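Read through the structure below, which is laid out as structure tokens, and then see the notes.
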Amino acid sequence: MAGSIGFVGRERELSCLRAALGGHARVLLVVGDAGVGKTRFVGEGMRRAEAGGMVGVSGGCLPLAEKLPLLPVADALGELSRLDDGRLLEAALGMAPQYVRAEVGRLLPQLGTEEPGTGGRGEGWRRERLFAGVAELLGAVARRSAVSLVIEDVHWADSATLDCLTYLVRAARGDPLTVVVTCRSDGAPLDAQVAEWLAHVRGGGGVEEIGLGPLSRDEVAEQIAGLAGGPPPGRLVDDVYARAEGNPFFTEQLVAAALADPADGGLFLPSGL
């Protein structure tokens, strides 16, 4: 594709996201069909929030047959460790109780901490201590500036990640910490544990939900212009809008097909789509 495209549309939803991050929301659910742009939307919203001083870290769940426990939480903490060349993490660890470094080190091996002993206690105690350590760390960061923890694609989350998010939401009631979660809403079957977690979250307080729908025709025309590197012909906009129905990913794939073979007009279905 010829052009690079900036963010298109969603200004009302972005305003809702900023209001939620700056308000009392402890959980912000961003839901929408596959390809509708949840990741780009949250990324744009976090970019704007971070420009205002918020600290944002993110991690993503993966569709793995064998789930890796707490993978998105570890990814988010790894991102935190790279902010300000690690100084933000070290400052937060310095403010947190002493045990936090060892517990966080279970997810961040680069900290070089020894595996904490269990003192004869079981796995449940170990998990609670780890969750408490993560909560203490994020709370220490939040005492310096507001924090958003973004977890992408929670429909693929493992049970440990869901439990950790529940713990963090409960533990962060007094801190400016918002857990931002993206999830598909297009009827794809959810694991029972994910469906139960979503129902629990939606039934609690301090929860905001933003649903992302399709783009309008004008917004699709703007997207196509960015992808094609110039104003697109009206027929291309109409054809793509009719076929993709405002879904940004579908639009991107169809435009790529049309540009790859202008004579065909992109009538075939791209393999990526």
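The values are calculated or read from the model by the stated rules, or taken from the named source; none is laboratory data. Computed from a prediction, not measured in an experiment: that's the story for all the values here. A quick note on method: Cβ atoms are made from the backbone with ideal geometry, for glycine too, and the neighbour counts reach across all protein chains shown. For accessibility, only protein heavy atoms count, side chains too; no ligands or nucleic acids. Shrake-Rupley method; radii C 1.70, N 1.55, O 1.52, S 1.80 Å.
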Choose one answer from A172, A132, A51: the residue with the largest mean-square fluctuation in a GNM of the chain with alpha-carbon springs under 10 Å.
A51
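Stokes-Einstein at 37 °C, 0.692 mPa s, Kirkwood radius from Cα pairs: D for the stretch 178-254 in µm² s⁻¹? Walk me through the intermediate numbers first.
Values: Rh = 15.0 Å.
Rounded, D is 219 µm²/s.
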To the nearest 10 square angstrom, how much accessible area does M95 have with a 1.4 angstrom probe?
90 Å²
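Just to confirm, what accessible area per residue do you get for the chain at 1.4 Å probe, in whole Å²? Write down the numbers at each step before the final one.
Numbers: 13290 Å² over 273 residues.
Value for the chain: 49 Å² per residue.
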Where q = 0.15, 0.23, 0.32 Å⁻¹, what log10 of I(q)/I(0) comes from the Debye formula for the stretch 163-202, counting one point per Cα?
-0.43, -0.85, -1.23
How far apart, in nm, are the 7 Å Cα→Cβ label points at R144 and A256?
3.9 nm
Percent carbon-and-sulfur accessible area, the stretch 163-226, ignoring ligands, DNA and RNA, probe 1.4 Å:
47 percent
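Charges at C-beta only: +1 for Lys and Arg, -1 for Asp and Glu. How large is the resulting dipole of the stretch 15-157 about its Cα centre, in Debye rounded to 20? All intermediate terms of the calculation are to be shown ahead of the outcome.
On the way: 17 positive and 17 negative charges, 78 e Å.
So the magnitude is around 380 debye.
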What number in nm² do you get for the stretch 1-112 if you take the convex hull of its Cα atoms and divide its surface by four?
10.3 nm²
So what's the net charge close to G43: Lys and Arg +1, Asp and Glu -1, counting the other residues with Cβ under 12 Å from its Cβ?
+2
Per DSSP H run of at least 4 residues, take -39500 (n - 2.57); add these up for the chain, divide by its residues and hand me the 222 nm value, nearest 500 deg cm²/dmol.
-15500 deg cm²/dmol
Segments 226-238, 73-85 sorted - mean Cβ within 10 Å per residue, highest first
73-85, 226-238
Whenever you get a sec, compute what percent of the accessible area on the stretch 1-99 sits on carbon and sulfur atoms (1.4 Å probe).
52 percent
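Using 0.36 nm per residue, how much length does the chain from A188 to E245 gain when fully extended, once their Cα-Cα distance is taken away?
Numbers: separation 57, 0.36 × 57 = 20.52 nm, distance 1.89 nm.
Between A188 and E245, full extension yields 18.6 nm more.
How high is the FRET efficiency between E196 and S216 when r is their beta carbon distance and R₀ equals 51 Å, given to the nearest 0.05?
On the way: r = 35 Å, r/R0 = 0.69.
The formula returns an efficiency of 0.90 here.
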